[in-house]
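Student: One structure coming up, written as structure tokens, with questions to follow.
Coordinate-derived values only; no laboratory data. It should be emphasised that the depicted structure is a prediction, and the values quoted were computed from it without experimental measurement. Note that each Cβ is placed from the backbone with ideal geometry, even for glycine, and that neighbours are counted across all protein chains shown.
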Amino acid sequence: MLKDLKVVFMGTPEFSLNILENLIKETNVIGVVTQPDKIVGRKKELVFPKIKEMALQYNIPVFQPRNIKEDNQDILKLHPDIIITCAYGQILPKTILDYPKYGCINVHASLLPKLRGGAPIHHAIIEGYKETGITIMYMDVGMDTGDIIKKASIPILDDDTYQTLHDKLSVLGGKLLIETLPSIIKGENERIKQDEKQATYGYNITRALEKIDFNLTSEEVYNKIRGLNPTPGSYFLLDNKIVKVYGALKEDNLNYKDKENGEIVKVDSKGIYVKTQDGLIKITEIQMEGKKRMLVTNFLNGNKENLIGKILNRSEV
């Protein structure tokens, strides 16, 4: 039954790859829609979205409209039975939403109505959620506001980072989608309205959010560091230079109450210890501005004596 299902898939980031791969194996993917290619780096290299690379490997037609509200006729000419999106990056117009006989379905990386928006995985960790998951939903004209078809949840472990949680949710999303499609085709699936009173938002990460605020608790600082690891990365300022942080641990140490939040109070072979609102955060892996990512152990060679007493984030960027 699924092999006869004509699917147009819309997605862009790496998270979408597992979903597309599952669809290619189980259905008839007749087209892929993704964001336009980008010119990146100092060499001005043209980079394809990962989704485009996968589609081309399977000889699937690729469409990359800059504005899907104005440029969608080539997609509709494929006459899809269903359109499935996952982190595509553009709001679909009603012209597309109303077209396929089985509707437009979205795979969203949160337990809706919690964490609507473009960065639900980052925010689930940053905001201290203990669980998250995947929601399969019908799309409407709003942002992640459509009726829920099915959910699946997983715990967020204390050592999860954005990357580890991203990878687990991508696998879960591909599996849940394939399990759910037969009920959608048969018209036997659930269709549950979202409770607007329960809605929260995980908007795209801003530069301001990436900066670590050591006035927060150690738990909150730790959550931000792992929630932004490895991309886009959290940071602080040291001697007016950006230092990205990729590894840290919480320290319940109350011996430094007289120190200023953001002050480096201790340095040893295991890390750099910074005062927070209620304790310490031990920084274990960093990337100095213009340098490669490294363990703090390696960075400390020749730098240890100059760090004690420095206050991070004294300057602004």
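Student: Nearest 5 is fine: what % of DSSP beta bridges in the range 2-198 come out antiparallel, could you say?
Tutor: Rounded to the nearest five, the antiparallel share is 50 percent.
Student: Hey, can you grab everything whose amide H is under 5 Å from the amide H of residue 133? Only 5+ residues off in sequence or another chain; H modelled, so Pro and N-termini drop out.
Tutor: The list, which skips near neighbours in sequence, is 110, 111, 154.
Student: Among the lysines, select those whose C-alpha is under 29 Å from the C-alpha of residue 43, and discard any that sit fewer than 8 residues away in the same chain.
Tutor: 52, 211, 241, 244, 291, 292
Student: Report the label-to-label distance for residue 14 and residue 186 in nanometres (one decimal), using points 7 Å from each Cα along the Cα→Cβ vector.
Tutor: Between residue 14 and residue 186, the simple spin-label model gives 3.7 nm.
Student: Suppose the chain between residue 217 and residue 201 were pulled fully straight at 0.36 nm per residue; how much longer would it get relative to their current alpha carbon spacing?
Tutor: Residue separation times 0.36 nm, minus the Cα-Cα distance, leaves 3.5 nm.
Student: Hey, with R₀ at 41 Å, roughly what FRET efficiency would residue 260 and residue 231 work out to, going by the Cβ-Cβ distance, to 0.05?
Tutor: Given R0 = 41 Å and the Cβ-Cβ separation, E is 0.85.
Student: May I pose another question? Zone of residue 178 (label point 7 Å along Cα→Cβ, backbone N under 17 Å): which residues in the range 96-114?
Tutor: Counting backbone N atoms under 17 Å from the label point, the list is 107.
Student: Would you mind checking the range 89-127 for residues with the amide N under 19 Å from a putative spin-label position 7 Å along Cα→C-beta of residue 4?
Tutor: Residues passing the 19 Å test: 100-103.
Student: Longer than 26 Å from Cα to Cα, which of 197/275; 50/282; 69/101; 38/224 are they? Say none if no pair is.
Tutor: Those over the limit are 197/275; 50/282; 38/224.
Student: Over the range 103-184, with a single point scatterer placed on each C-alpha, what log10 of the ratio I(q)/I(0) does the Debye formula yield at q = 0.18, 0.24 1/Å?
Tutor: Each listed q corresponds, in turn, to -0.69, -1.14.
Student: While we're here: So, in nm, how far is label residue 277 from label residue 95 when the simple model puts each one 7 Å beyond its Cα toward the Cβ?
Tutor: 4.9 nm
Student: For the pair residue 171/residue 159, report the inter-label distance in nm, with labels modelled 7 Å from Cα in the Cβ direction.
Tutor: Between residue 171 and residue 159, the label points sit 1.6 nm apart.
Student: If the chain between residue 38 and residue 130 were fully stretched, how many nm would it gain, using 0.36 nm times the residue separation less the Cα-Cα distance?
Tutor: Gain on stretching residue 38 to residue 130: 29.6 nm.
Student: Do me a favour and compute the ellipsoid semi-axes for the range 1-127 from its Cα gyration tensor, root of five times each eigenvalue, largest one first, whole Å.
Tutor: Whole-Å semi-axes of the equivalent ellipsoid: 22, 20, 15.
Student: Would you pull out the residues with amide H under 5 Å of residue 150's amide H, same chain only if 5 or more places away, H placed 1.01 Å from N?
Tutor: Excluding prolines and chain starts, which carry no amide H, the hits are 136.
Student: Using only DSSP helix segments of four residues or longer, with each worth -39500 (n - 2.57), what per-residue ellipticity at 222 nm results for the chain after dividing by its residue count and rounding to 500?
Tutor: -6500 deg cm²/dmol
Student: Taking each pair of distinct Cα atoms in the chain once, what is the resulting Kirkwood hydrodynamic radius in Å?
Tutor: Averaging 1/r across every pair of different Cα atoms and inverting gives 21.4 Å.
Student: Based on the alpha-carbon gyration tensor of the range 208-306, what equivalent-ellipsoid semi-axes (square roots of 5 times the eigenvalues) come out, in whole Å, largest first?
Tutor: With the √(5λ) rule applied to the range 208-306, the semi-axes are 19, 17, 12 Å.
Student: Let me ask something else. Using alpha carbon centroids, what distance separates the range 83-131 and the range 184-243, in Å?
Tutor: 15 Å
Student: I've got another one for you. Among the GluC sites (Glu not before Pro) within the range 102-190, which fall in a DSSP loop and have no more than 16 other Cβ atoms within 10 Å of their own Cβ?
Tutor: The qualifying sites are 127, 188, 190.
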